[in-house]
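What follows is a single structure, written as structure tokens, with notes after it.
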Amino acid sequence: VYTYTILIRSLGNIGRLDAVMKLFESMTAQRCQPNLFTYHSVMHALGSAGRVAEACEVFELMLQRGQQPDAVTYNIIIDALGKTGELEKAFDYVRKSHSFTNEVTYNSLLSSLGRKGDIKGLMELFGQMKARGLVSNELTYAILIERLGWAGRVEDVWKLYLEMVENDVKYDIVTINNVLDCLSKAGRIEAAFELFQDMKVKGLSPDTVTYNILVNGLGRVGKLDAAGALLLEMEENGCPPNIITYNTLISSYGKWSNLIAAARLFDEMKDKGVAPNVVSYSCLIEGFGKAGKTDTALSMFNEMKAQGCPPNHVTYNLMINCLIRAGRFGAAMDYLREMRDSGCQMG
RNA sequence: GGAUCGAACCCUCCAU
């Protein structure tokens, strides 16, 4: 049974669901009784693959065979249902599991509610969790901060951050990056930099993502020199810029009509061995388009195709917009047709 | 006494 369980878990982790199910069935055939861990592994594998209905069937099968579920069993099912958005069913299981609900259950539910954008439900559930005296673990805050960040709720994110620090809840660089991103997208760049200094004092090292977020924040408010300086600084601090760093800066330069800097950076990234992707080209096309340099935008559009980087629906939208702005409706229609024929989504 | 299948929950940054 142990051997089977280990095998099933490993196969599940690498996504070999077919093999998992085969093993599980062959256990039954050999009258080898699966234990609780075996059921968990199978259910978890099914759930991760989005095959929740089958996971529920395994759950029922387990009950029929007289195996009692525990908190983990329910949490696996509840988490799987939440991830496919079947929250009503997830709550059904919460009711069934009653005495088993713990902080992990809440984390799963919070995560799913947040993914759906149900901020009200999110906050209510968090309140309920506190009221029940459940200890929020480090993931609770991580989840809340991230999901509230998606909704642009800066105030709430900031409050939670302070609460987390005050309660000595552990946090990692990802959570801090989420807070920073939220601040920086809200234009609160000073606050973001304060936190940036603060995290260093607390011994948390910024990573490339941290810098990317700050570069983006500076770029959005037009502080292009500071953003450019940060590019150099991150390199010195052992955080090599990646394609996202370059794309972020190229986009900012383009948005603020600094096309020379945008083009220079585009060349620089290639020199450094970072291959431009569809976003890089799109940012340039957007920049040139907004500046009325329609022909330059067109030549970038052709260049990317020649470089084996097919435009996607965003690129087409930008290109078509640019042509319309220039009054070149015929060409715009041509690209619209090309877009449709190329089979890319219309976005 | 310790070690052993001991399992479930977040994962961040770029373009329209």
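The values are calculated or read from the model by the stated rules, or taken from the named source; none is laboratory data. Computed from a predicted structure; not experimentally measured. Glycine gets a Cβ as well: all are built from the backbone with ideal geometry, and neighbour counts include every protein chain shown.
Below is a table of values for the structure above.
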| quantity | calculated |
| --- | --- |
| Condition check for A:Val165: touching a Phe, Trp or Tyr at 6+ places or on another chain (Cβ under 9 Å), more than 18 Å from A:Leu214 (Cα to Cα) and surrounded by fewer than 17 Cβ atoms within 10 Å (Cβ to Cβ) | yes |
| Subset of segment A:44-57 (residues that are buried (at least 20 other Cβ atoms within 10 Å of the Cβ) and of a type outside the set (Gly, Ala, Ser)) | A:His44, A:Leu46, A:Val52 |
| Subset of segment A:30-54 [in contact with a helix residue (DSSP H, G or I) (Cβ under 6 Å, 6 or more places away or on another chain) and either away from RNA strand B (no atom under 11 Å from the Cβ) or outside any helix (DSSP H, G or I) (or both)] | A:Pro34, A:Leu46, A:Ala49, A:Val52, A:Glu54 |
| Helices (runs of 4 or more DSSP H) lying entirely in segment A:117-203 (those with 1 or more residues that are more than 22 Å from the chain's Cα centre (by Cα)) | A:119-131, A:154-166, A:189-201 |
| Cross-chain or 6+ apart pairs with Cβ under 6 Å, segment A:1-19 first and among the small types (Gly, Ala, Ser), then modelled with pLDDT of 90 or more | A:Gly12/A:Val20; A:Gly12/A:Ser41; A:Gly12/A:Ala45; A:Ala19/A:Leu11 |
| Selection within segment A:238-266 - at positive phi and of a type outside the set (Ser, Thr, Tyr) | A:Gly238 |
| Every residue from segment A:15-32 that is surrounded by fewer than 13 Cβ atoms within 10 Å (Cβ to Cβ) and under 10 Å from A:Ala45 (Cβ atoms) | A:Gly15 |
